[in-house]
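First comes the structure, then the notes that go with it.
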Amino acid sequence: AMEQLEPPRISYLPSRLGGEARLPSQTTKSDAVIARLDPLPVAKLGKTPQTAPAPCAARMSSGMSEPSLSELNLADAQWRATVNERRVAHEARSNSSKKMAHVRESTAKARSAFESHDYLHAVEHLSESISLCPSSDSLLRLRAKAHTRAGSLPDAIVDMQQATRLGRQSAENHLLMGRLLLKEGQMADAGSALTTAMQLDASGQRGESEYKALLGTVKTNRYYHSPNKKKLPRIFDSRVELSDPAQDTVAFNDLRPPAAPPTPTATGTTFNAISLVWELPDDDGGDEIFEVEVECSFHEVAWDEKLCGIFEGMREFTSWHKCTAAPEQCKREWSKLTSDNVYCFRVRCANSIGMSPYSAALALRTLVPEVPETTMEMPPAWLQSDYADIIKEHMDQRGVDGMEVLTEISQVLREVVSDIHLSFKMFCVLNSKDVLHVQSMQRSQFTTMIKDSGLVDELSLTGNGIDLLFQRANMDFRGDLRAKEKDAGSDGGVESMVESEFVNGLVRVAHLRFGGANGSSPSFVSLQERLEHLLSVHLIPTARLGMPTDDFLAMVKSRRTRAILNKHGKLLRHIFSNYAAADISSAEARDAADSVNLKELLFMMKEGNLIDRECTQAKIALIFTVVNLENTLKSAEQLTSEGIPTDENEADDVEDELCFAEWCDVIVRMINLKIPAEAREAEGKDFWTVLDEYLGNVLIPHFVQLVKDKKRGVGSKYVD
């Protein structure tokens, strides 16, 4: 009956949820109520029972009073609060685990993108991780590295500023911050970050050498903003200094960039080189100047893809040289410059605060290459020809010594060696049936030269007289010894003459035509005057009619022409290389696989269908000869100024081979034959427009296709 009258027990007790046991001194009133409700020890209850057990006789006999209703309600509320707190903590742990799994997944994707150099996606994945875990300085540090690799240095610095605030005691954070500030040029802040990293890196895991190298960039004795001047760990060299602005005589905030340096001074100028010296400003801004930069602006004529045309003008200033501020470093020479060209130089310097203003610009012009006084040496064979009959006649008429007559001939010929040589070559090529084997002048060609030069005279030099002169120039009356001394190529035979015999013929023509025979005029007494008149009035002007004019040469050698050739240089070089190896007829030809001879040039012209009425084989051979001779007579300075490498020309110092630059010159002149000035004027185009269009639309595409066909076995690779 007593058990039936006992009030009902509550169904759930907080102590049975696994709550922490409390000491007797920590027991609250609610705990006492719960203890009276359930005297069983809390530690023995593993789980909360679904229903409370019925009261036992022991509890009734213990004399414990029944709890009041308010105590029961308080205990129940406390129990429910504990259950809810445990539930919230469990959900928080669950959500945190999911969030961390997401962070790990995003970070793994970022590292994968980083390894594949996809830095933009790495930044995206890391930003996602940071949004879930904003207090991680390691994630911020990793994103700063990705920003740096992606080229966004300011964003990287912002990330590292936040990372250093979160992880102030991390040497890694301050070290990376110092590196980024170095790249940004903030030397003072970089020095502060690096010295802080050294203070925190007590283990020395980075090594003293790495810190020294970094601090050497920003100068270890600069005024770094270090809030607390601390001693470095013993692992570091004690010579590394940390400066506290509060204890320095010059406050850090009072420093400024240096003043503008003085205008640089030129110490030497040649046709392709300029030497400069410069000085530091007197006002260094209160800090040591540690770097000097020299910038240059120069006049250039070059093809510009953005303009789709030739750029001609002054380029913007660009950095040409950087050095320390040491006195021995404040000078420099620049070589391989363009001759007769304008160059402007300016200087600025830097300390740890920043760069100085630029100095005033110095404008210089490189020199014009000097034309060599001597051109070609006179071959000894020119004076070794048989002049015995002419010398004897002058000795009898004038009463002079024979050596004096020979000296007169030598003095005249020595001044015009190149003109005579070119005239001989030109008249040999013109009207020749086989331009590939032109080594001597035929009788008909000698007669044509005399007539074209206006030397025929009915009183002194007729057609029959020319034949007699030709025969006499081919004869030698000095006996068998002279014949033995001659080599195989020193005699042109009965119907042709080599160059020394050609010179002998010119002397005989001058002696006969201007000697006053039969009252002919003009007439001169000395052989020297007669020969000078023949060469200066008749032969050389006639030969120069077939030569390019000075205006045309200036156009061909201009920098605009060179700019167009440079534009197409790669493909032109490809074509040149294929035809340079086309002649394998001899060992000498096979060895000259880096140059083009006349045989290979004509083979190329025929394959390209370039031989026609305007551009004959004889004209091509003449251009070949003229270009070769022109460059042979020029100095190394002239060749360099025209864009012809001197080493390339030295390898091709013979007159039967063309280097690449000479071959391009021949191509330009050939295009001028194909499209002369009259045709260009009719179309309203200048020479350089026509040159660019012909190279890009006609010549290069055609020959590139020919080379491709040869690689597939179509056509012949070699000259027949």
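The values are calculated or read from the model by the stated rules, or taken from the named source; none is laboratory data. This one's a predicted model, so the numbers in the text were calculated from it and none came from an experiment. Every residue, glycine as well, gets a Cβ built from its backbone with ideal geometry; the counts of neighbours run over all protein chains shown. SASA here: full protein model, heavy atoms, side chains in, ligands and nucleic acids out. Shrake-Rupley method; radii C 1.70, N 1.55, O 1.52, S 1.80 Å.
For every residue, the table says whether it meets (1) more than 32 Å from the chain's Cα centre (by Cα); (2) at pLDDT below 90; (3) assigned to a helix (DSSP H, G or I); (4) crowded, with 16+ Cβ neighbours inside 10 Å.
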residue	(1), (2), (3), (4)
P134	yes, yes, no, no
K145	no, yes, yes, yes
T148	no, yes, yes, yes
D159	yes, no, yes, yes
N173	yes, yes, yes, yes
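Put simply, of S335, S356, S352, S385 the only residue that is modelled with pLDDT of 90 or more, open to solvent by less than 70 Å² (accessible area, probe 1.4 Å) and of a type in the set (S, T, Y) is S356. Inside the stretch 290-306, residues that are surrounded by fewer than 13 Cβ atoms within 10 Å (Cβ to Cβ) and over 20 Å from the mean Cα position of the chain (by Cα) make up a count of 0.
Scanning the stretch 578-604 for residues that are more than 32 Å from the chain's Cα centre (by Cα), under 20 Å from Q617 (Cβ atoms) and among the hydroxyl-bearing types (S, T, Y) yields a total of 1.
Every residue, every condition in (1) of a type outside the set (K, R); (2) crowded, with 17+ Cβ neighbours inside 10 Å; (3) more than 20 Å from V704 (Cβ to Cβ), yes or no:
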| position | (1), (2), (3) |
| --- | --- |
| M555 | yes, yes, yes |
| T561 | yes, yes, yes |
| I564 | yes, yes, no |
| H568 | yes, yes, no |
| R573 | no, no, no |
| N578 | yes, yes, no |
| S585 | yes, no, yes |
| R590 | no, no, yes |
| K599 | no, yes, yes |
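For the stretch 311-332, the set of residues classified as assigned to a loop (DSSP other than H, G, I, E, B) and β-branched (V, I, T) consists of T324 only. Among the numbered conditions (1) modelled with pLDDT under 90; (2) crowded, with 18+ Cβ neighbours inside 10 Å; (3) in contact with a Ser or Thr (Cβ under 8 Å, 6 or more places away or on another chain), the only one that A651 does not meet is (2). The set of residues from the stretch 316-360 being in contact with a strand residue (DSSP E or B) (Cβ under 9 Å, 6 or more places away or on another chain) and within 15 Å of N272 (Cα to Cα) comprises R332, E333, W334, S335, L337, T338, D340, N341, V342, Y343, C344. Within the stretch 394-417, the set of residues being of a type outside the set (A, V, I, L, M) and under 19 Å from V537 (Cα atoms) comprises E408, S410, Q411, R414, E415. In this structure, does K717 turn out to be assigned to a helix (DSSP H, G or I), more than 32 Å from the chain's Cα centre (by Cα) and either at pLDDT below 90 or surrounded by 12 or more Cβ atoms within 10 Å (Cβ to Cβ) (or both)? Answer is no for this residue.
Filtered by the rule that a residue be in contact with an Asp or Glu (Cβ under 8 Å, 6 or more places away or on another chain) and small (G, A, S), the stretch 139-162 gives a lone residue, A144.
So that you can scan it fast, the table gives a plain yes or no per residue for (1) among the charged types (D, E, K, R); (2) in contact (Cβ under 8 Å) with a residue 24 or more places away in the chain; (3) out of contact with any strand residue (DSSP E or B) (no Cβ under 7 Å at 6 or more places or on another chain); (4) not in a helix (DSSP H, G or I):
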position	(1), (2), (3), (4)
S521	no, no, yes, yes
L534	no, yes, yes, no
H538	no, yes, yes, no
A554	no, no, yes, no
T561	no, yes, yes, no
N566	no, yes, no, no
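Residue-wise test of (1) at pLDDT 85 or above; (2) open to solvent by less than 30 Å² (accessible area, probe 1.4 Å); (3) over 23 Å from F424 (Cβ atoms); (4) assigned to a helix (DSSP H, G or I).
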| site | (1), (2), (3), (4) |
| --- | --- |
| N631 | no, yes, no, yes |
| T640 | no, no, yes, yes |
| A661 | yes, yes, yes, yes |
| I671 | yes, yes, yes, yes |
| T689 | yes, no, yes, yes |
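A count restricted to the stretch 601-629 and to residues that are acidic (D, E), under 18 Å from N672 (Cα atoms) and either modelled with pLDDT of 85 or more or open to solvent by less than 30 Å² (accessible area, probe 1.4 Å) (or both) stands at 1.
Across the stretch 77-99, the qualifying residues are those that are touching a residue at least 24 places away in the same chain (Cβ under 8 Å) and open to solvent by less than 50 Å² (accessible area, probe 1.4 Å), and the one among them that is farthest from S129 (Cα to Cα) is W79. Would you call A259 open to solvent by 20 Å² or more (accessible area, probe 1.4 Å), in contact with a Leu (Cβ under 6 Å, 6 or more places away or on another chain), modelled with pLDDT of 85 or more and not in a helix (DSSP H, G or I)? Answer is no for this residue.
Under 9 Å between Cβ atoms, which residue pairs at least 6 apart in sequence (or on different chains) link something in the stretch 363-379 that is of a type in the set (D, E, K, R) and open to solvent by 70 Å² or more (accessible area, probe 1.4 Å) with a partner that is in a loop (DSSP other than H, G, I, E, B) and modelled with pLDDT of 85 or more? These pairs meet every condition: R365/D340; R365/N341; E370/F271.
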